[in-house]
2 protein chains.
Amino acid sequence: MKLTSRSEYALLALLYLARQEADVLVSVDTIAKAQAIPPKFLEQILLTLKRARYLKSSKGQHGGYALGKSADKISLAEVVRLFDGALAPTESVSVYFFEHTPIEKEKSLIRVFKEIRDYVSKKLENTTLADLV
Amino acid sequence: MKLTSRSEYALLALLYLARQEADVLVSVDTIAKAQAIPPKFLEQILLTLKRARYLKSSKGQHGGYALGKSADKISLAEVVRLFDGALAPTESVSVYFFEHTPIEKEKSLIRVFKEIRDYVSKKLENTTLADLV
DNA sequence: TTCGTTTCCTACTAAAATGGTAGATTACTT
DNA sequence: AAGTAATCTACCATTTTAGTAGGAAACGAA
């Protein structure tokens, strides 16, 4: 796993929304300013999060975004997977994003990297936005 | 950390050499065939490993590559860092490859990702080629 | 009913990273 | 001298990354 700016921005935005009162709508520009994120880029990111049901939104004046579910139901693992794919260090040890890679045939290497995958997934699955606010 | 094909091939080649008798020279083509690596690509990779003193070599007939130090002195961490940079999930929590990234200001996120960095580094620093042969 | 506001949607683009290839040169062995 | 194998550097196509641009749709207020 390597965090891209997309997933980092997504986490910042979600964290910001998690700190608001539930269901208060906040506009893209407000979040963008508060967290120093390029606004048009953030727009795309929030839209992705909305389509994946982590956010809800409404348009027009006093519109904006709010969390789509409670903060303790959104884990870091889900957010990172949504933007960056596998949490594992290489796809051949990934559960959800398996692909063939060169080290595949070396059992001893696979074992080490699976242990890393397991640690990372557990850690990020067990950490929710609620844990961080 | 995300493994690239470079670092995966490097690990395969090193592991192959670690399994040979010490100081036996093996040619690029032999390693390439044994581990299914594009030979000219492997050439570059071995050269990088040689410059970093993980391999030694000699030219000409019966030339080739061998480990430059004993297998228990070569950790996976060193190899991965050489080709892929930071072991950390994002540079702002990396010790050797620090750079600014967006999540930097969020202490709670930093804490989680530093724990991951620590686990990964320890695991890969404590695993040597000798552990894998 | 119209105006401003804000989300929604898609296309585009520049730069960097990735995964190699190609070919010439140097050095060693027989 | 011939063959073999490492050394070195340049090149290249594709994919990924990190955004930008601009219009359409919807909502609220006046």
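Laboratory data are not the source of any read-out in this text; all were calculated from the coordinates shown. Keep in mind that what you see is a predicted model, and the values were worked out from it rather than measured. Ideal geometry is used to build each Cβ from the backbone, glycine not excepted, and the neighbour counts take in all protein chains shown.
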Checklist line | Fluctuation leader among B:K107, B:K69, B:K50 - chain B, Gaussian network, Cα springs under 10 angstrom | finding: B:K107
Next item on the list: Please work out the FRET efficiency for the pair B:D72 and A:S5, using the Cβ-Cβ distance as r and a Förster radius of 35 Å; give the result to the nearest 0.05.
Entry: 0.35
Notebook entry, point to check: What residue among B:G68, B:G85, B:G60 shows peak mean-square fluctuation when chain B is described by a Gaussian network model with Cα springs under 10 Å?
Noted result: B:G60
Item checked: Sequence of A:E125, A:E8 once ranked by neighbouring C-beta atoms within 10 Å, starting from the fewest -> A:E125, A:E8
Next item on the list: For segment B:72-133 and segment A:1-72, compute the distance between their C-alpha centroids and round to whole Å.
Entry: 29
Margin query: Quick check on the exposure proxy: order B:D23, B:D72 from fewest to most C-beta atoms within 10 angstrom.
Written below: B:D23, B:D72
Notebook entry, point to check: Mean separation of Cα pairs under 8 Å and 6+ residues apart, divided by the residue count of chain A: what relative contact order is that in percent?
Noted result: 28
Check: Could you state the principal axis extents of the C-alpha atoms in chain B, from the largest down, to the nearest angstrom?
Finding: 58, 27, 22
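Taking 31 Å as the cut-off for C-alpha to C-alpha distance, list the pairs among A:K107/B:K56; B:K40/B:K122; A:K123/B:K33; A:K33/B:K122 that go past it.
Violating the 31 Å Cα-Cα cut-off are B:K40/B:K122; A:K123/B:K33; A:K33/B:K122.
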Check: Comparing A:I31, A:I74, A:I103, which has the greatest mean-square fluctuation in the GNM of chain A with Cα pairs linked when under 10 Å apart?
Finding: A:I103
Check: Going by how many other Cβ atoms sit within 10 Å of their own, how do A:V133, A:V26, B:V24 line up, fewest first?
Finding: B:V24, A:V133, A:V26
Next item on the list: With the convex hull built on the Cα atoms of the protein assembly as shown, state its orientation-averaged projected area in nm².
Entry: 14.8
Check: Under the rule of -39500 (n - 2.57) per DSSP H run of 4 or more residues, summed and divided by the residues of the protein assembly as shown, what mean residue ellipticity at 222 nm is obtained, to the nearest 500 deg cm²/dmol?
Finding: -15500 deg cm²/dmol
Margin query: If I take the rotation axis that carries chain A onto chain B, which residue of chain A has the nearest beta-carbon, and at how many angstrom?
Written below: A:K2, 2
Next item on the list: For segment B:5-67, would you read off the P(r) tail past 15 Å as a percentage of all alpha carbon pairs?
Entry: 40
